[in-house]
Amino acid sequence: MSDLSRRKLITGGLVAGAGVLGLGAAARIAQRYGLVPPDHGGIYGVGETLTYASQRLLTRHSLAREFSPSQISKPPLANEIPPLNDAYKRLQAGGFVDWRVSVTGMVERPATFSLAQLKTYPMRSQITQLACEEGWSYIAEWIGVPLSHVLNVVGIRPQARYVVYYSIDPDWWESIDMADALHPQTFLAYGMNGGELPVGNGGPLRLRLPRQLGYKSVKFITQLTVCDSLKGFGKGLGSAAPEGGYAWYAGI
Amino acid sequence: LFPLVIWTGLAMSLAFVSAFPATVTLLGGQQSARTLHFFVSVFLVLFVLVHVVMVIVAGFWSRMRAMITGRMSTHKEGT
């Protein structure tokens, strides 16, 4: 015990105090700069937060790799999809003419778009890889309108922080932060490899998010909601994925 | 093995690769990184198992005592 001098006790106490204050300040700064994911609680929460924060700092504006047309996978893998509901089948029977996607929430001009309307906006295409949590991946050309363009049309309010998007299947919904929502490679995709987007790949309309795993690229999009907090959606974890044990942020 | 497992792991990160594409292109694509990552992880598990077996063969309790106390009890080893 002779080692424990008063001086050591005081420095130790000060360091511990500074550490606690530093952690508190770090948490507050991280919250302020949007570095805390909605699923930050639980056993994996710390890991999720570190992944999300570090990737947001390192890769906010980076672009996913684009491939050459010769590298497109043939055939594009259409993974198994849950049985489509009656609402989908009705729209499919009508050739998706009546397919609508509504944009609501913190926007100046809430609007509903048909596929034909979306196709009047500047068309963009990207040849990127879709990689799934399960391990498979494929490269395809995705054709659509950048989500940022649609968000500009409706006019997002300054306090908006997330975009929640819904499939026609109500159990299937996801959300992304503004960094991803306004990213130039985030599309509302309606075409693939020069043609229409097949049903198995999410046709007629799929959100395409090449910097995250496939489950964030939700198929059969019918609704977008812009919001400043994800607390009121589902269990407040941000999307359906963390409710099922997956990560909300899937940049991996 | 550890640097390799970290490298191949990062090569499968879509966001990381978007910022540092060389991590995956040097490995020959995401699926190659995935295959390498799998086998490297198997080797790491084998590495742990082999070393645990070595500890057991060399005398489990004396090793444990040596690890915790920092002293080697020589009288048992000598006999």
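The values are calculated or read from the model by the stated rules, or taken from the named source; none is laboratory data. For clarity, every value in this text was computed on a predicted model and none was experimentally measured. Every residue, glycine among them, receives a Cβ derived from its backbone with ideal geometry; neighbour counts consider all protein chains shown. Remember, those area values only see protein heavy atoms, side chains included, never the ligands or the DNA or RNA. Shrake-Rupley method; radii C 1.70, N 1.55, O 1.52, S 1.80 Å.
Among the lysines of chain A, pairs that are 8 or more positions apart or on different chains and have alpha carbons within less than 24 Å of each other number 11.
By accessible area, using a 1.4 Å probe on protein heavy atoms only, the protein assembly as shown has 65% of its surface on carbon and sulfur.
For chain A, the relative contact order comes to 20 percent (Cα pairs under 8 Å, sequence separation of at least 6). Ranked by the mean number of other Cβ atoms within 10 Å per residue, highest first, peptides B:8-18, A:190-200 order as B:8-18, A:190-200. Proximity of backbone amide H atoms, modeled 1.01 Å from N, is registered between A:Ala111 and A:Val103 at under 5 Å, excluding neighbours fewer than 5 places apart on the same chain. Shape of region A:141-192 from its Cα gyration tensor (a ≥ b ≥ c, root eigenvalues): rounded if a/c is under 1.5, otherwise prolate when a/b > b/c, or oblate? In terms of gyration-tensor shape, oblate.
Taking amide H positions as placed in the peptide plane 1.01 Å from N, state which residues far from A:Gln223 in sequence (5 or more) or on other chains have amide H under 5 Å from it. Sorted by chain and number, the residues that satisfy this are A:Ser102, A:Tyr166. For chain B, hydrophobic long helices are taken as DSSP H runs at least 20 Å long by C-alpha position along their axis with mean Kyte-Doolittle hydropathy of -0.5 or more; these are B:30-57. Remark: region A:205-216, residue by residue, has Karplus-estimated 3J(HN,Hα) of 9, 10, 7, 10, 9, x, 8, 10, 4, x, 5, 7 Hz, where x stands for each Gly or Pro and the curve is 6.51 cos²θ - 1.76 cosθ + 1.60 at θ = phi - 60°. For the chain pair B and A, the buried solvent-accessible surface (1.4 Å probe, both sides summed) amounts to about 1100 Å². The heavy atoms of A:Trp248 present about 10 square angstrom of accessible area, all protein chains included, probe 1.4 Å. Taking a ≥ b ≥ c as the square roots of the eigenvalues of the Cα gyration tensor, region A:114-252 is oblate, since a/c reaches 1.5 or more and a/b is not larger than b/c.
The protein assembly as shown gives an Rg/Rh value of 1.11, both radii derived from C-alpha positions and Rh following Kirkwood. Less than 5 angstrom separates the built amide H of A:Met192 from those of A:Ile143, A:Leu197, all sequence-distant by 5 or more or on a different chain. Membrane-span-like helices of chain A, defined as complete DSSP H segments with a Cα extent of 18 Å or more along the helix axis and a mean Kyte hydropathy of at least 0.0, are identified as A:6-32, A:45-59.
Dividing the mean sequence gap of close Cα pairs (under 8 Å, 6+ apart) by how many residues region A:196-236 holds gives a relative contact order of 29 percent.
Solvent-accessible surface, computed for protein heavy atoms with a probe of 1.4 Å, shrinks by 50 Å² or more for the following residues of region B:1-39 when the other protein chains are added to the isolated chain: B:Leu14, B:Ala15, B:Ser18, B:Gln30. To the nearest 500 deg cm²/dmol, what mean residue ellipticity at 222 nm is calculated for chain B from DSSP H runs of n ≥ 4 alone, each contributing -39,500 (n - 2.57), summed and divided by the residues? So the helix-based figure for chain B works out to -24000 deg cm²/dmol. Adding -39500 (n - 2.57) for every DSSP H run of four residues or longer, then dividing by how many residues chain A holds, sets the calculated 222 nm ellipticity at -8500 deg cm²/dmol. Answer rounded, prolate or oblate for region A:59-189, using the Cα gyration tensor with square roots of eigenvalues a ≥ b ≥ c: rounded when a/c is under 1.5, else prolate when a/b is larger than b/c, else oblate. In terms of gyration-tensor shape, oblate.
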